[in-house]
Amino acid sequence: MFSVFDIFKIGLGPSSSHTTGPMRIAKRTLLEAQNLGLLAKTARVLVELQGSLALTGIGHGSDRAAILGLLGHEPETVEKSQADLDIEKAFETKRLLLLGQYEIAFDAKNDIDFRGDIIPKLHPNGMKIYLFDKNAEQIFTRIFYSTGGGFIASEEQLLRPTTNDIVKRGKKAQLPFTSAAELLAHCAKTNGNIDDVVRINEDSLRPRAQTDAGLLAVWQAMNSSIERGLDAVGILPGGLKVRRRASSLYQKMRENPLSQDLERLFDWLNIYAMAVNEENANGGRVVTAPTNGAAGLIPALIRYYCAGEGWNAGDCAATGKIGRFLLVAAGIGMIYKQRASLSGAEMGCQGEVGVACSMGAAGLCAIWGGTPAQIEHAAEIAMEHNLGLTCDPVGGLVQIPCIERNAIGAVKAANAARLAMIDVGDHKVTLDQVIETMRQTGLDMSSKYKETSQGGLAVNVVEC
């Protein structure tokens with residue numbers, strides 16, 4: 001059983017699967033080598049990025065993330081300013097201090113190999129790291145896969161899916177679920193709602209005070225990314241010369257605070273979502289929700305519907321409105337992670353913005369007082385109308401169509417929650433059925449529409 005803090009992770013943009021994952025893989029590989037006494041003998045490190053990690057790796061920052069991981073940085077703790085300095089130093093000096101302890105020569109042009117011609121069978125985000133001694137003899141090699149949302153998996157784990165060498169739990173969840181049907185059954189048995197079930201499971205992992213502190217940290221990181229995005233102006237990095245728009249749109253809204261336009265709701269959700277994803281595209285600190293490419297959707301909904309009139313730490317506790325939103329959204333995200341995937345390289349964008357939309361609709365329905373059945377229905381509606389959504393980033397950058405797609409997804413999530421709240425009849429499609437449909441659609445989808453920049457907008461929009 002996953003935890004809410006497996007679904008919501010704090011890290012740097014622009015991509016959880018291409019940035020957070022590779023950073024973790026690089027550090028974990030070196031730690032394994034160090035435990036075997038091999039790191040002190042290492043004279044060269046070769047990083048091989050495979051599949052989607054290679055095809056969109058430069059635009060997604062996979063090479064930079066690998067360097068940070070080799071240096072020993074963690075996604076949750078490294079500051080963007082320090083990361084930028086360390087990467088610049090590595091490129092200039094062509095030296096690396098592995099895990100901050102062992103200095104080697106390192107030329108990114110030669111020691112990071114983008115192998116877009118290799119599409120691993122186990123998962124399209126493969127990353128293989130080789131260690132060589134001073135005699136150029138290979139002394140250690142390891143392959144991992146970045147499976148979406150910042151999760152990583154070893155080859156052994158994916159070959160034997162009943163084992164789990166990444167997410168370890170000292171205690172088992174009291175109310176485990178691997179489907180929406182099981183989740184609803186727990187709600188019926190305990191006479192509780194979805195946030196109650198998730199909260200009980202979190203209580204089995206740690207004291208409630210720690211969960212409350214973690215939820216507060218998640219929302220603070222989300223809200224901070226909104227605030228930075230609302231303040232920042234200029235051009236986003238990369239070759240597309242995409243202009244930041246959230247700040248100017250926000251200023252226009254503030255200049256006309258008394259406007260009674262019904263569409264004003266759309267404007268606020270658009271602005272907040274775009275603010276976060278512009279920060280993500282800039283490599284700033286965001287929260288995987290459930291991925292970096294979909295990081296703006298849920299914060300936009302929470303900011304508008306839960307924190308617009310102000311908020312406090314109590315609102316972020318497990319029993320507060322923001323905390324309840326996060327618990328419900330994470331509970332839905334856990335089902336997608338277990339039954340399908342959160343990886344754009346596997347599912348297309350239906351596995352990123354589509355899942356975020358489903359999670360956001362569920363969380364919003366919950367704080368509006370929805371029943372477990374209504375929450376499940378909201379999540380289902382949202383995904384049903386994201387099925388087939390492709391991942392076709394122009395120039396391999398997490399900018400077009402990703403930034404606006406989060407804005408559109410936030411509005412869609414609110415609409416799905418409203419439909420679920422006002423619909424009193426039985427619905428024909430269950431959340432489990434739509435998740436299975438998403439999985440099958442992702443498997444059938446051509447690879448050129450799955451985070452490879454080989455189809456869709458990525459080939460029909462001329463890079464500037």
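The values are calculated or read from the model by the stated rules, or taken from the named source; none is laboratory data. No experiment lies behind these values; they were computed from the predicted model shown. With ideal geometry, Cβ positions are generated from the backbone for all residues, glycine too; neighbour counts draw on all protein chains shown.
Observations on the structure shown:
- Segment 170-188, subset in contact with a Ser or Thr (Cβ under 8 Å, 6 or more places away or on another chain) and either surrounded by 20 or more Cβ atoms within 10 Å (Cβ to Cβ) or among the small types (G, A, S) (or both), residue modelled with the lowest pLDDT: A173
- Segment 16-64, subset under 19 Å from P393 (Cα atoms) and among the hydrophobic types (A, V, I, L, M, F, W, C), residue modelled with the lowest pLDDT: I58
Condition check ((1) under 21 Å from H377 (Cβ atoms); (2) among the β-branched types (V, I, T)) across all residues:
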| site | (1), (2) |
| --- | --- |
| E278 | no, no |
| T288 | no, yes |
| L297 | yes, no |
| E309 | no, no |
| G323 | no, no |
| L327 | yes, no |
| I332 | yes, yes |
| I335 | yes, yes |
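- Test: residue in segment 342-360 that is out of contact with any strand residue (DSSP E or B) (no Cβ under 6 Å at 6 or more places or on another chain), at pLDDT 95 or above and outside any helix (DSSP H, G or I): yes
- Residue ID - nearest to K448 (Cα to Cα), chosen from residues in segment 392-437 that are touching a helix residue (DSSP H, G or I) at 6+ places or on another chain (Cβ under 6 Å) and among the polar types (S, T, N, Q): Q399
- Condition met for R254 (farther than 21 Å from A414 by Cβ and either buried (at least 17 other Cβ atoms within 10 Å of the Cβ) or of a type in the set (S, T, N, Q) (or both)): no
- Test: residue in segment 79-94 that is at pLDDT below 95, over 30 Å from S447 (Cβ atoms) and assigned to a loop (DSSP other than H, G, I, E, B): yes
- Residues (crowded, with 18+ Cβ neighbours inside 10 Å and charged (D, E, K, R)) located in segment 300-320: R303, D315
- Within segment 124-158, restricting attention to residues that are within 17 Å of the chain's Cα centre (by Cα) and outside any strand (DSSP E or B), the residue that is surrounded by the most Cβ atoms within 10 Å (Cβ to Cβ) is N125.
- Output for segment 66-105, where each listed residue is touching a Gly at 6+ places or on another chain (Cβ under 8 Å), surrounded by 15 or more Cβ atoms within 10 Å (Cβ to Cβ), without any contact (Cβ under 8 Å) to a residue 60 or more places away in the chain and among the small types (G, A, S): G72
- Members of segment 251-304 found to be within 19 Å of Q350 (Cα to Cα) and touching a Phe, Trp or Tyr at 6+ places or on another chain (Cβ under 9 Å), listed by number: V287, T288, A289, P290, G296, I298, P299, A300, L301
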